[in-house]
Amino acid sequence: MLSSYFILGLDLDVADEEIRKRYLELIKQYTPEKDPNRFQEITSAYEQIKTPRARIRGKLFGALSVSDAEEALLSIGRARTPVRRRAGLKELLEDA
Amino acid sequence: MIHEKFMASKKKKQKKARKKKSHLNIKNVSLPQLINHGKQFLEAGRARDAISSLKLAIKKGAPTDDINPMLFRAYLLRESQLRQKGMNVEANSIHCQAATFMPAYDKLSDMDLIAFMKCASIEDFISAYNRYIGENSRSSAIEQYLAGQFLIHRQWDMLDNLDERVPLKKDAAPVFRAAELMHSGDWETALACLKPVSRISSFAPARLFCLAMVCFYNEDDSGMQRALSMIPDEFSIYRVVKKLKKNSADLACLWEGPVNTEKRVAEVLEHLKKKRFKDAAGQLRSIAELICPDDSDRAIFHLLELVWRFTWDNTIDDYEYFRLIRRLLPENQSELLTAKTEFFEFEQPLINTGQYLMHIDTEFPDREHARIAQALILLHAVEKIHKENFFVQSLGCDFELHGPVLGITSDNPDEFIVEMTLKAIQLDPENRRGYELLANLPRYTRQTKKLVEEGLIKMLDYFPDDPFPCLELSTIYYEKNAFRKAENILKEAMKRAPHDSRVIDRHVISLLISADNSIKRKKLHLASRDIEKADALSGKATLPLVVEKQILFQITEQGQLSLFDGKVVAGAGNVLSVIDRAVAHLSPFEQISTIAMLILDTTGRFPEWDKKIFSELDRAFRHYAKSIKNLSSAHIVSLLKPLSKKVRPLTRSRHIAGVILERSKNILKHVDDADIIPVLDILVDVELFKPALDEIKRRIKNAGERVKVLLEFYQVVIRHLTEELFTDLKAFQKVKDKTPESDLEPLRAASRRLAKHASGPLKSALESFDFIMPVPSFGPMDDMISPFDLFEDDFFMDDDDDDFFMDDDEEYDDPGDFVEFLEVMKRNPGVFKSQLDTIIKALEHFIDSTGLRGAPDFLIKGLIKTIRKENPNMADTFSTLASLLDKKRLKALSSEARIFLFGKA
């Protein structure tokens, strides 16, 4: 359920229109010809959160529909693609 | 805990002893060996051992000129080790000790100087380097290190303090601005600024570092690695370089969002497996904060839902899981998740569903969403109870607490799941799934039928174009013999979807029902009209039904109708030719199915028919059944399946398997192993135990392992149902024990399916799939008497009871007395009627006092047989009693008493 929001790059609890808008943007960007896997991923994520009823069902029974819990845990992390962040030399030295 | 402490202290003592021993060993070695040890320890990074060896060497008189540089290095190594551990105070103290062993500058290596001056200010470092180059030549390593220090601290004025010979000052001009840009993260501009810096300059590694960072932001990780590989180890920012070389994800400041997820998840799993729940909780929290920084509690809830799945394979047990929930979530959320996971586990269906629904507002604060969620939960529960054959009568529930949320108002268990579905429909009337489920639920009583009807009538309004509610309502009306209502609602279905095949099929069935009624009333002209209409409309699914009625009509019709003028009039001799003509255009599967339906439909229905007609029907069946061997296994299973509920009004029974098996004994040989279990279910459902047992025996030897255990299980169950075995739970446990864990689920499902055919302790054992519980006692005499003793001739020999009217405390443990009591009551119908409650009480007392309570059906039936044998009027007495019972009294009867009165529980 959370993965679907992350895949579409959306905040949690956004409105239906925003979900649809973002979905249309993404499928224009990742067409089935260009990137079939990503397209598939985006479409199935959209299906899971496109209506309030689908979101409620996903929230209620999402854990039951998971076949591999380890993979599901991993996919949550993977769904939210980390972005490279600007850091200065001092920050790097402190973090290292 | 005490054990752990004890072990830790033991280990500590052992370590101390080892240390002491090695110390003694060192004391005993010679000087050259000591120096050699010191060198080796130093090379191996064992600073403390190196220090001890070298200090001992000095004590033993080793020349300090040789030892001091080594000791100096050992102290510096120790200092850096302590700093890595964050023990700066201790490191400073070691640094002071190192200073005492510092060699003269002419004997000092450049690396030693760097190590010594690492924590010094630039000013001190420069001054030390100036002295160093007074005695030695310039060191590129030291200068690169210094260049790095300038970049970090940007104290450019210090460049003036450097010796004239050091070219850093000359090269530094472009670096001033670049350093500022590097600190602000503008690596691209910094790289451009550093362009004039030559490759041999001490500032060249800074340019390489900028290049690496530019590659990183351009997502060119291999380019970044190439640039990093050229940066020397002495460069001051090498620790950043080292981390970047290893894995850029290790530097969290370079990323937004979750990095190293796989590693983190692996760590969570490792913590869970090793029962380090505190660490697992910490890691889960950090993952949640990374993936959902704005609402990490929600992410934790979601992650914990996934972690719950690890309780399935016992990676963690339930207790540990619930502790983890409590550790990570606030109280209301933790109660919600506990209720939710218990609902998923569904061990106490009604209680678990009720509990979860009580918390639904926490999960869905929006009222509208909570309403839909509640409906979905109810539907999920009903579906599961229905699909997995839970025995509704045995489902516990706190009706006062959970009744309102579950929608249960009735005290009749048969109505529970229907009421729950209706509640779901009421909460979310736009969910079609609720109505579909409602239509498929069992409805044996008038009240359940009424409730289903109510729900479907509601659907008519919410789905004005959908023929589904019309079709389902028509089925209910036919079940209730409300033919006019059924026809009207089918007309509505035709209006809604005139071309829908489901509607057409149902219309065909409706016409056939009408034709069948006309045949019953001998109004054959009406029957022929309806059959013709049905024939014109029928599709593939309904064709055998139409043909069956055509044949029936032709056999019934004796030439009264002009419609069949010129055609062969059936009669006894022509049945075969009628059938041949009628089924000629059908497939072999349809032919067999049609004739089987015909036999099912006619047997016992037409007493006036010549017996020859029935034998002709049998002959016809056997003739067409020859093609069974050419049918697929799936087709044979379809043949044996009970007829669809929709055709129920058309035939006397839906159970066709008996008709087929009686006439085609070898049919089961053509069923594949993969399909045999559904076939066995069909046979057990209609109590065709013998063919089922024969078939199991026939194929059990050669069956695959998975099917074999199922066959063995069915064999044991059927042998119990057919009274071949008295309750012997060990036989079940034996099959269960030898079933691999991965195949247990089909066995468990089979057990639940078969439970409905059993009773007493066997039923409970099958329902719970638990065969190691003790067999409950069959009454107070259990210690001394086996239930089988009840059948001993002298068991019921009693002495002196001749008072047939029962006192409250009196018990009838002699069947003779009980029967006589009933007879006396029966002789006076007024008393019989007015004393019904007393009689029922007497019957229940009799069941208790003979120890029959909880006994298997066959045992009770056996006793009834014995009683009947000795008291021929018994059957009549019991049926009189049964006929007098009203609905309320019927409900209150125990299952054992039901067997007495009705022959089954």
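The values are calculated or read from the model by the stated rules, or taken from the named source; none is laboratory data. Note that the coordinates shown come from a computational prediction; the quantities given were computed from them, not determined experimentally. Note that each Cβ is placed from the backbone with ideal geometry, even for glycine, and that neighbours are counted across all protein chains shown. Surface areas here come from the heavy atoms of the whole protein model, side chains and all, with no ligands, DNA or RNA. Shrake-Rupley method; radii C 1.70, N 1.55, O 1.52, S 1.80 Å.
Identify the single condition in (1) under 21 Å from B:Ile425 (Cβ atoms); (2) in contact (Cβ under 8 Å) with a residue 40 or more places away in the chain; (3) not aliphatic (A, V, I, L, M) that B:Phe277 does not satisfy, given that it satisfies every other one.
Of the numbered conditions (1) under 21 Å from B:Ile425 (Cβ atoms); (2) in contact (Cβ under 8 Å) with a residue 40 or more places away in the chain; (3) not aliphatic (A, V, I, L, M), the odd one out for B:Phe277 is (1).
If B:Glu347 satisfies all but one of (1) more than 14 Å from every other protein chain (Cβ to nearest Cβ); (2) buried (at least 19 other Cβ atoms within 10 Å of the Cβ), what's the number of the condition it fails?
(2)
Somewhere in the range A:6-23, is a residue at pLDDT 90 or above, within 18 Å of B:Pro293 (Cβ to Cβ) and either buried (at least 19 other Cβ atoms within 10 Å of the Cβ) or away from chain B (no Cβ under 13 Å) (or both)?
Looking through the range A:6-23, at least one residue is at pLDDT 90 or above, within 18 Å of B:Pro293 (Cβ to Cβ) and either buried (at least 19 other Cβ atoms within 10 Å of the Cβ) or away from chain B (no Cβ under 13 Å) (or both).
Mind listing whichever residues of the range B:375-396 are open to solvent by 30 Å² or more (accessible area, probe 1.4 Å) and touching a residue at least 40 places away in the same chain (Cβ under 8 Å)?
Those that are open to solvent by 30 Å² or more (accessible area, probe 1.4 Å) and touching a residue at least 40 places away in the same chain (Cβ under 8 Å): B:Glu383, B:His386, B:Glu388, B:Asn389, B:Phe390, B:Phe391, B:Ser394, B:Gly396.
Of all helices (runs of 4 or more DSSP H) completely enclosed by the range B:23-141, which ones contain at least 3 residues that are farther than 27 Å from B:Ile237 by Cα and in contact (Cβ under 8 Å) with a residue 12 or more places away in the chain?
Values: elements: B:31-43, B:47-59, B:64-84, B:88-100, B:110-117, B:122-135.
So the answer is B:31-43, B:47-59, B:64-84.
Being of a type outside the set (Ser, Thr, Tyr), under 21 Å from B:Phe689 (Cβ atoms) and open to solvent by less than 50 Å² (accessible area, probe 1.4 Å) is the filter here, so list the residues in the range B:719-745 that pass it.
If the condition is that a residue be of a type outside the set (Ser, Thr, Tyr), under 21 Å from B:Phe689 (Cβ atoms) and open to solvent by less than 50 Å² (accessible area, probe 1.4 Å), then B:His720, B:Leu721, B:Leu725, B:Leu729, B:Ala731, B:Phe732, B:Val735 are the ones that fit.
Give me a count of the residues in the range A:68-96 that are open to solvent by 20 Å² or more (accessible area, probe 1.4 Å), more than 7 Å from chain B (Cβ to nearest Cβ), part of a helix (DSSP H, G or I) and farther than 21 Å from B:Ala178 by Cα.
2
Hey, can you tell me all the residues within the range B:290-320 that are within 12 Å of chain A (Cβ to nearest Cβ) and either touching a Ser or Thr at 6+ places or on another chain (Cβ under 7 Å) or over 26 Å from A:Phe6 (Cα atoms) (or both)? Write out each step before concluding.
Of the range B:290-320, the ones within 12 Å of chain A (Cβ to nearest Cβ) are B:290-313, B:315-316.
Correct list: B:Trp308, B:Thr311, B:Trp312, B:Asp313, B:Thr315, B:Ile316.
Here's the yes/no breakdown for (1) open to solvent by less than 70 Å² (accessible area, probe 1.4 Å); (2) among the hydroxyl-bearing types (Ser, Thr, Tyr); (3) in contact with a Lys or Arg (Cβ under 7 Å, 6 or more places away or on another chain):
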site	(1), (2), (3)
B:Phe483	yes, no, no
B:Leu490	yes, no, yes
B:Lys495	no, no, no
B:Arg502	no, no, no
B:Ile513	yes, no, no
B:Ser518	yes, yes, no
B:Arg521	no, no, no
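Name the residues in the range A:39-52 that are open to solvent by 60 Å² or more (accessible area, probe 1.4 Å) and assigned to a helix (DSSP H, G or I), would you?
A:Gln40, A:Glu41, A:Glu47, A:Gln48
Whether any residue in the range B:459-480 is assigned to a loop (DSSP other than H, G, I, E, B), closer than 14 Å to B:Pro649 by Cβ and open to solvent by 20 Å² or more (accessible area, probe 1.4 Å) is what I want to check. Outline the logic, then answer.
Of the residues in the range B:459-480, the ones assigned to a loop (DSSP other than H, G, I, E, B) are B:463-467, B:480.
Applying the additional criterion that residues be closer than 14 Å to B:Pro649 by Cβ yields B:480.
Retained after the next criterion (residues that are open to solvent by 20 Å² or more (accessible area, probe 1.4 Å)): B:480.
Scanning the range B:459-480 turns up at least one residue that is assigned to a loop (DSSP other than H, G, I, E, B), closer than 14 Å to B:Pro649 by Cβ and open to solvent by 20 Å² or more (accessible area, probe 1.4 Å).
Within the range B:435-444, can one find any residue that is open to solvent by 10 Å² or more (accessible area, probe 1.4 Å), modelled with pLDDT under 90 and touching a Phe, Trp or Tyr at 6+ places or on another chain (Cβ under 7 Å)?
Taking the range B:435-444 and keeping what is open to solvent by 10 Å² or more (accessible area, probe 1.4 Å), we get B:436-437, B:440, B:442-444.
Still in the list and also modelled with pLDDT under 90: B:440, B:442-444.
Keeping just the survivors that are touching a Phe, Trp or Tyr at 6+ places or on another chain (Cβ under 7 Å) gives none.
No: the range B:435-444 contains no residue that is open to solvent by 10 Å² or more (accessible area, probe 1.4 Å), modelled with pLDDT under 90 and touching a Phe, Trp or Tyr at 6+ places or on another chain (Cβ under 7 Å).
Does B:Gly455 satisfy being at pLDDT below 90, open to solvent by less than 70 Å² (accessible area, probe 1.4 Å) and over 16 Å from B:His380 (Cβ atoms)?
no
So which residues in the range B:314-365 are in contact (Cβ under 8 Å) with a residue 24 or more places away in the chain and not in a helix (DSSP H, G or I), if there are any at all?
Listed by number, the residues that qualify are B:Thr315, B:Ile316, B:Leu329, B:Pro330, B:Phe346, B:Gln348, B:His359.
Scan the range B:290-312 and report the pairs whose first residue is farther than 18 Å from B:Lys340 by Cβ and whose second residue is of a type in the set (D, E, K, R) and part of a helix (DSSP H, G or I), with Cβ atoms within less than 8 Å and a gap of 6+ or a chain change.
B:Cys292/B:Arg298; B:Ser296/B:Arg285; B:Ser296/B:Glu289
For every residue, the table says whether it meets (1) more than 34 Å from the chain's Cα centre (by Cα); (2) under 21 Å from B:Ile696 (Cβ atoms); (3) modelled with pLDDT of 90 or more; (4) part of a helix (DSSP H, G or I).
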| site | (1), (2), (3), (4) |
| --- | --- |
| B:Phe614 | yes, no, no, yes |
| B:Ile636 | no, yes, yes, yes |
| B:Pro649 | yes, no, no, yes |
| B:Lys665 | yes, yes, no, no |
| B:Ile676 | no, yes, yes, yes |
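Tell me whether the range A:30-48 contains one or more residues that are within 12 Å of chain B (Cβ to nearest Cβ) and under 14 Å from the mean Cα position of the chain (by Cα). Steps first, please.
As a first pass, look at the range A:30-48 and keep what is within 12 Å of chain B (Cβ to nearest Cβ): none.
No: zero hits.
Can B:Ala299 be described as within 23 Å of the chain's Cα centre (by Cα), open to solvent by less than 30 Å² (accessible area, probe 1.4 Å) and of a type in the set (Gly, Ala, Ser)? Quick ask: steps written out before the conclusion?
Numbers: within 23 Å of the chain's Cα centre (by Cα): yes; open to solvent by less than 30 Å² (accessible area, probe 1.4 Å): yes; of a type in the set (Gly, Ala, Ser): yes.
Considered against the rule, which asks whether it is within 23 Å of the chain's Cα centre (by Cα), open to solvent by less than 30 Å² (accessible area, probe 1.4 Å) and of a type in the set (Gly, Ala, Ser), B:Ala299 comes out as yes.
Give the range B:183-227 a look and list any residue that's open to solvent by 50 Å² or more (accessible area, probe 1.4 Å) and among the aliphatic types (A, V, I, L, M), or say none.
Once the filter is applied, which keeps residues that are open to solvent by 50 Å² or more (accessible area, probe 1.4 Å) and among the aliphatic types (A, V, I, L, M), the range B:183-227 yields B:Ala192, B:Ile200, B:Leu211.
Just a yes or no: is a residue in the range B:476-495 at pLDDT 85 or above, more than 43 Å from the chain's Cα centre (by Cα) and more than 30 Å from B:Ile425 (Cα to Cα)?
Within the range B:476-495, none of the residues are at pLDDT 85 or above, more than 43 Å from the chain's Cα centre (by Cα) and more than 30 Å from B:Ile425 (Cα to Cα).
Can you name the residue in the range B:224-276 that is outside any helix (DSSP H, G or I), within 11 Å of chain A (Cβ to nearest Cβ) and among the polar types (S, T, N, Q) and, of all such residues, is nearest to B:Tyr145 (Cα to Cα)?
Step one: filter the range B:224-276 for residues outside any helix (DSSP H, G or I), giving B:230-237, B:247, B:251, B:255-260, B:274-276.
Subsequent filtering for residues that are within 11 Å of chain A (Cβ to nearest Cβ) retains B:236-237, B:251, B:255-260.
Subset that is among the polar types (S, T, N, Q): B:236, B:260.
On the way: B:Ser236: 5, B:Asn260: 32 Å.
Residue satisfying both the conditions and the ranking: B:Ser236.
From the list B:Asn352, B:Asn314, exactly one residue is on the phi > 0 side of the Ramachandran plot and open to solvent by 10 Å² or more (accessible area, probe 1.4 Å). Which is it? So that I can check it myself, show each step before the final result.
Working: B:Asn352 fails: on the phi > 0 side of the Ramachandran plot.
The match here is B:Asn314.
Under the condition of being out of contact with any helix residue (DSSP H, G or I) (no Cβ under 6 Å at 6 or more places or on another chain) and more than 8 Å from chain B (Cβ to nearest Cβ), which residue from the range A:55-67 is modelled with the highest pLDDT?
Taking the candidates together, the pick is A:Ser65.
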